[in-house]
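Here the structure comes first, spelled out in structure tokens, and everything after it is commentary.
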Amino acid sequence: MENAVVRLEGVSKVYLRGEGEVAALAEVDLTVGEGEFLVLSGPSGCGKSTLLHIMGAMDAPSAGRVFLRGRELSGLDDAALSRIRREEVGFIYQFFNLLPTMTARENVALPLILQKRDRGEVRRLADAALARLGLEGRAGHLPRELSGGEMQRVAIARAVVSRPSLILADEPTGNLDSRLGGEVVETLSELCREEGFTVVLATHAPELLARATRSVRMLDGRLLDGAA
């Protein structure tokens, strides 16, 4: 795939547990293209989160190779991997991971601050991201003053504010009811269709598959279908 954003070749991950080993991933081959909304589905413990962490340079494979925008991640030093996590990848989590003492605007601005952007640019981009998610009136609110759906939209705004190459969403609807979860997934789908973002979403909820441009099922650390 010429427009590949992320590519995995023969990726395996083994963890040591006590005196034994646990294989979280087994020889995974996967390519995700520009503007794709890929949903990884499967039961808890099948390896979805591990796969996202390896895609996002948060963990390294035990075997195999990972490429982001054509650049192989193995062999990069900690500083280079940290830069990739700051600038190339946006993360969305089930429990939002918002800092409770910071406003919605301040939470969204964090990736830009870590990139040492100009203060005026930081505020402008953070406010624009919040407005894109329909939260322009909530910029000054703390997380405890927001609903669950609003907190997840703040988390999405934070993930996209610096326009990363890849957005990774790990069970982003798991802490929401079905209506709010559907709205979150539709928002991610719109960002792919309208703004060209590339999203990989992990879920155990099969009803979310219909919104994907492609879906891949996982079981016991392996991809079962749709991985081309």
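The values are calculated or read from the model by the stated rules, or taken from the named source; none is laboratory data. Here the structure is a predicted model, which means the values were calculated and not measured. Positions of Cβ are backbone-derived with ideal geometry, glycine not excepted, and every protein chain shown enters the neighbour counts. Accessible surface is based on the protein model in full, side chains and every heavy atom, while ligands, DNA and RNA are left aside. Shrake-Rupley method; radii C 1.70, N 1.55, O 1.52, S 1.80 Å.
So here's what we get for this one:
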read-out	value
Ordering of 106-114, 90-98, 78-86 by burial proxy (mean other Cβ atoms within 10 Å per residue, highest first)	106-114, 90-98, 78-86
Around GLN152: net Lys/Arg minus Asp/Glu count, Cβ-Cβ under 14 Å	-2
Surrounding net charge for GLY64, when Lys and Arg each add one and Asp and Glu each subtract one, Cβ distance under 15 Å	-1
Rg to Rh, two decimals, where segment 92-188 supplies the alpha carbon set and Rh follows Kirkwood	0.94
Bridge type composition, the chain - antiparallel percent by DSSP, nearest 5	55 percent
Helix-only CD estimate at 222 nm, as mean residue ellipticity for the chain, using -39500 (n - 2.57) per DSSP H run (n ≥ 4)	-10000 deg cm²/dmol
Helix 78-87 axis, angle to the chain major axis (alpha carbon atoms, nearest 10°)	50 degrees
Probe 1.4 Å, accessible area per residue of segment 1-138, Å²	51 Å²
Relative contact order for the chain, counting Cα pairs under 8 Å that sit 6 or more residues apart, in percent	30 percent
Charge sum, other residues only, whose C-beta stays under 11 Å from ARG163's C-beta, Lys/Arg counted +1 and Asp/Glu -1	-3
